[in-house]
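Student: Take this structure first; my questions come after.
The numbers here are math on the coordinates, done by the rules we state, and not lab data. On a predicted model such as this, the values are computed, not experimentally measured, just so you know. Reconstructed Cβ throughout: ideal geometry from the backbone, glycine too, with neighbour counts over all protein chains shown.
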Amino acid sequence: MTLLGIITIFVVVANISLGLFVLLKGVRRKVNIYFFFLSFVVSAWVGSSYYSNISSDCQLALITGRAAFVSASLIVPLFIYFVLHFPKEKKVPIKKNFILSVLPIFFCCLSLTSLVFKESVQNAIGGLNGSVYGSWYPFYCMYILLYFFIGFYYFFQTYKSALPIEKLKLRYVIAGFAISAIGGVFTNLIWPLFISSLDVRPSLFGPLCTIFMTAGMSYAILRYRLLDIKLAFRKGFVHFIALLIILFLYIYLLIIFQRLLIEQYAWQEQTATIILVLIIVTSVEPLRRVLVTMIDRVFYARKKSAQEEAHKLRIVLSSSVQFDQLIKKVILLLADFLEVQDIQFIWLNKRNGKLENYYKEDKRIELEPTDSVFQYLREHLGVLITEEIPYRADEEENGEKQLLLDAEATLQKLGVSMVLPIGEKGELIGAFTFGRKKKNEAYTSDNVEYLSRLQFQMTNAIANALLYKQAVERIGTRH
């Protein structure tokens, strides 16, 4: 098998694997289902395009060529349906569904005839198959471009109205889809339509650009819990995946360069291959070092500081007995690490049964026992991010869903972006509330993991300090 074949298999497996992963993490969510079908059809397009170009069997090349056109016809409507439901579930009117479905069905049927894709003929240069297109091919191109335009129009409309955390996620997702779409459109639509006389066959490489879609989605899931998918990758696995994706792009460019030397400048294939191998051998190790450094900075530089900050916080928790001092020190450490200005501690005041500010000079927060936020925190000890509540609500039943949505409205009104409960299930001591970050960035999975790991220790330390405070107060009242 050729290097290009191995890369094609990798791209197909990467797309299907991500699609399956997303589906299994949310089988009841439409956006997850649409992304799975989109990934599956994209993989079918990548595989069928490859075989239609390299197969020595003309009949097989014809079948896979038409399969590639059918797959591409389905990619664009699935892309639109995914965008319409991303990142939040939306109800799409039946009329819009019908309108969006008419052209895809028409062009799927048309792709099976000779009106779009007539036949495959053996190309003498490089042993690749050249494509002969039918009279409807320009209309097919217009259909693909129109649907991509509609999809990205909806994408940018969603981006404009998105919350800061959603915008951060959308940037990576939109960038991945955009690069994939531009690569596929140029190499598989524009080039054959206007530059068909050239010997270089870019349609071999266009489908491989879909790896950018996979990379964008994977990064957003890994770093920002896209679609509320929580991941915990080992450092070595992140290195392996990231290096594999970036090295694929490097080798991909070298293969294009090799083909240009052979087909455009009539170099001997053996000479071009030797030069390609020499370039890879001499540059792969320096490139690996640079990439590992970059990956560590992006994924793990913050995690190293998180370990140091966690150590500082553990020292404070184990050494501070005075309740007031403990709370102030914890707030200072959390504010410094998370880069948040507004952190408050609300505690359960046993005298009136309310959750309220411990420090009276803070922005006023007062929650009755009947309040949705109070009820939710009492029964759920996990870190609650306000902007992620709609995703959590989609997975819950009616009663719990409504409780979450009511809690979201309350937290937004109070200007709270994240809540860390302190206590045990059913026995709430209080909670730390967090405003927006200084640079208006999103709370990441690293932040949540950091708080979750220290939550138990904070609960014990704060509970003990509170008991000590109450004991001192009782002794004082007796005297």
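Student: Please list 425-435, 149-159, 37-47 highest first by mean number of surrounding beta-carbon atoms within 10 Å per residue.
Tutor: Top of the packing list down: 37-47, 425-435, 149-159.
Student: So for the pair residue 57, residue 349, with labels modelled 7 Å out along Cα→Cβ, what separation do we get in nm?
Tutor: The answer from the label model is 8.0 nm.
Student: Say R0 is 30 Å: what FRET efficiency, to the nearest 0.05, do residue 175 and residue 336 get from their beta-carbon distance?
Tutor: Working from the Cβ atoms, E equals 0.45.
Student: So if R0 is 25 Å, what FRET efficiency would residue 400 and residue 95 give, r being the distance between their Cβ atoms, rounded to the nearest 0.05?
Tutor: 0.15
Student: Now, a different point. Once you have the Cα-Cα distance between residue 446 and residue 271, take 0.36 nm times their residue separation minus that, and quote the gain in nm to one decimal.
Tutor: Here the segment from residue 446 to residue 271 would lengthen by 58.1 nm.
Student: Still on this model: Ranked highest first by the average count of other Cβ atoms within 10 Å around their residues, in what order do 96-108, 263-275, 321-333 fall?
Tutor: 321-333, 96-108, 263-275
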